[in-house]
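Have a look at the structure below, then the notes.
The values are calculated or read from the model by the stated rules, or taken from the named source; none is laboratory data. From a predicted model like this one, the values you see are computed outputs, not experimental measurements. Virtual Cβ from ideal backbone geometry, glycine too; neighbours counted across all protein chains shown. The protein model used for the area step is the full one, side chains on, heavy atoms only, and it has no ligands, DNA or RNA in it. Shrake-Rupley method; radii C 1.70, N 1.55, O 1.52, S 1.80 Å.
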Amino acid sequence: MRNAARDVAIAAFFTDLGPVADRVTVVTISEFGRRVQENANGGLDHGWGNVMLVAGAGVRGGQYYGRWPGLENGLDADVAVTTDYRSVLAEVVAARTEASPSTVFPGFQRERVGFMVGQ
């Protein structure tokens with residue numbers, strides 16, 4: 001589902017950057033996911049699975065990267081995590097900075113996600 005306010009805000013941010021917009025990569029991450037099963041109040045409790053948005057310089061946009069695990073509607077049903085957020089951030093680090101992902105994330109073995117040009 002698209003979020004119009006988010007779309008407008010990100011577009012305005014890039015517009016405000018003006019001539020340096022082609023040097024900026026934005027990553028958005030929510031701090032929590034949602035459970036699949038509705039709770040007693042008709043809402044959804046915090047869960048695990050989530051979504052990230054990456055936009056701007058160096059991004060192969062216009063598509064979804066990752067694996068959709070499907071939904072299980074049980075009492076403790078979370079959307080399964082299929083991509084470690086550090087793999088996403090490490091790919092941005094590798095493509096857009098001179099830093100080493102292994103220095104930024106010591107001991108972490110990243111999986112290639114493939115959304116950044118040159119990665």
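Within the range 69-79, does at least one residue satisfy the condition of being more than 29 Å from Ala11 (Cβ to Cβ), surrounded by 15 or more Cβ atoms within 10 Å (Cβ to Cβ) and not aliphatic (A, V, I, L, M)? There is at least one residue in the range 69-79 that is more than 29 Å from Ala11 (Cβ to Cβ), surrounded by 15 or more Cβ atoms within 10 Å (Cβ to Cβ) and not aliphatic (A, V, I, L, M). When restricted to residues that are in contact (Cβ under 8 Å) with a residue 12 or more places away in the chain and not polar (S, T, N, Q), the range 7-36 contains 15. In this structure, does Phe115 turn out to be among the aromatic types (Phe, Trp, Tyr), touching a helix residue (DSSP H, G or I) at 6+ places or on another chain (Cβ under 9 Å) and touching a residue at least 60 places away in the same chain (Cβ under 8 Å)? Here the answer is yes, as Phe115 does meet what is asked.
Within the range 93-102, does at least one residue satisfy the condition of being at pLDDT 95 or above, exposed (fewer than 12 other Cβ atoms within 10 Å of the Cβ) and not in a loop (DSSP other than H, G, I, E, B)? No, the range 93-102 contains no residue that is at pLDDT 95 or above, exposed (fewer than 12 other Cβ atoms within 10 Å of the Cβ) and not in a loop (DSSP other than H, G, I, E, B).
Put simply, of Gly62, Gly58, Gly42 the only residue that is over 14 Å from the mean Cα position of the chain (by Cα), on the phi > 0 side of the Ramachandran plot, surrounded by fewer than 11 Cβ atoms within 10 Å (Cβ to Cβ) and not acidic (Asp, Glu) is Gly42. Within the range 11-34, the residues that satisfy the criterion of being open to solvent by less than 60 Å² (accessible area, probe 1.4 Å) and outside any helix (DSSP H, G or I) are Val24, Thr25, Val26, Val27, Thr28, Ser30, Phe32, Gly33.
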